[in-house]
1. Whole-Hz ³J(HN,Hα) for each residue in segment 134-148, computed from phi via Karplus 6.51 cos²θ - 1.76 cosθ + 1.60 with θ = phi - 60°, x for glycine and proline: what do you get?
2. What is the set of long-range amide H partners of Ser169 at a cut-off below 5 Å, with H atoms built 1.01 Å from backbone N?
3. For the chain, set up a Gaussian network in which alpha carbons nearer than 10 Å are linked by springs, and say which option among Ser257, Ser290, Ser101 fluctuates the most.
4. Go through the chain and flag any cysteine with no other cysteine's C-beta closer than 4.7 Å, please.
5. How large are Rg and Dmax for segment 102-232 when only the alpha carbon atoms are used, in Å?
6. What FRET efficiency comes out for Glu158 versus Ser101 if R0 is 22 angstrom and r is the Cβ-Cβ distance? Round to the nearest 0.05.
7. How far apart, in nm, are the 7 Å Cα→Cβ label points at Lys209 and Asp7?
8. State the antiparallel share, in %, of DSSP beta bridges confined to segment 3-296, rounding to the nearest 5.
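Just so you know, all these numbers are worked out from the coordinates, no wet-lab data involved. Since we're looking at a predicted model, the values are computed, not measured. As a convention, Cβ positions derive from the backbone with ideal geometry for all residues, glycine included, and neighbour counts pool all protein chains shown.
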Amino acid sequence: MSSVKIDTCPVCGNNKTSVAFSCTDYYATNETFDVEKCTACGFLFTQNFPAEDSIDHYYDTKEYISHSDTKKGIVNKLYHIARNKMMKKKAAIIEKHTYTSSRWLLDIGCGTGYFLAHMSKKGWSVKGIEKNKEAREFAHKNFAVFSHSPKKLSDFEESSFGIVTLWHSLEHIENLNETLKTIRKLLVENGTVFIAVPNSASADADYYKQYWAAYDVPRHLWHFEPNTLKMIANNNGFGIEKMYPMPYDAFYISILSEKYKKTKFALLKGLLVGLKCYIKSINNKELSSSIVYVLRKKEIVNFSM
């Protein structure tokens, strides 16, 4: 299996890192991976993660919900409930932060196509990017939504989209800066990017440490927090206009984390911990389990929380 060793921080360019902790792939293989930390900016990343030509093995399970759409088990049932609620919130956020007449939307990492189908019903013209063939076929069969493999991303014409979304997908993308630069070219002037990623500075990440399910090694290559997301956005010609917490993620991630710890009554314990972490994040969104970042295609944008 080929792997990727990170020698230079993709956020700040520093070439000195240290091992912060090790995480186990509880989800699929039980392999262990080091999570390293940049000594300059503090960015966390999975070291020696599988290369693009090898990583499919770690997604190859019927339990991987964004590809399989499984409803098996209480955790996945809760995921579906939360996703349906969040789709409405995502649509409202997009409408609030749309500054162009373009109604073309590109969703990168569109999975089984639920979000694209939802936005299509709201009058948007939609396209998707998804690496998993079965997920693309599901979207086409169930929603008549067409999505393309990641290789097609650079084939779109420049200034094709008013909106680009990455809902829990940026952390999976190997070519991080290259992808953000491509996205900038694809946006019309004053276009907007919406990025949702787990927050490694969240209350639940601090509570669970190496057991935090949202580290999800080696599928999650990069582990963002507000400061590092802001830095990499600025490096690629974006400014962060707004941040929105994702309130349900603390519950889902806490339940999974308790499951990985093999806690008795993991569902109950996870719900209780998730509630405590959610309460902590009410007055400080930077403690939220996941955060939606609104990025504008401008060189300089006032950073507002």
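1. Couplings: 5, 5, 4, 5, 4, 4, 5, 5, 8, 10, 6, 9, 9, 10, 10 Hz.
2. When sequence neighbours closer than 5 places are left aside, the close amide H contacts are Ala196.
3. It is Ser101.
4. By the Cβ distance rule, which asks for a partner under 4.7 Å, the isolated cysteines are Cys23, Cys110, Cys277.
5. Just the Cα atoms of segment 102-232 yield Rg and Dmax of 15.4, 45 Å.
6. Efficiency, rounded to the nearest 0.05: 0.80.
7. Between Lys209 and Asp7, the simple spin-label model gives 3.3 nm.
8. On the way: 27 of 43 bridges.
DSSP beta bridges in segment 3-296 are roughly 65 percent antiparallel.
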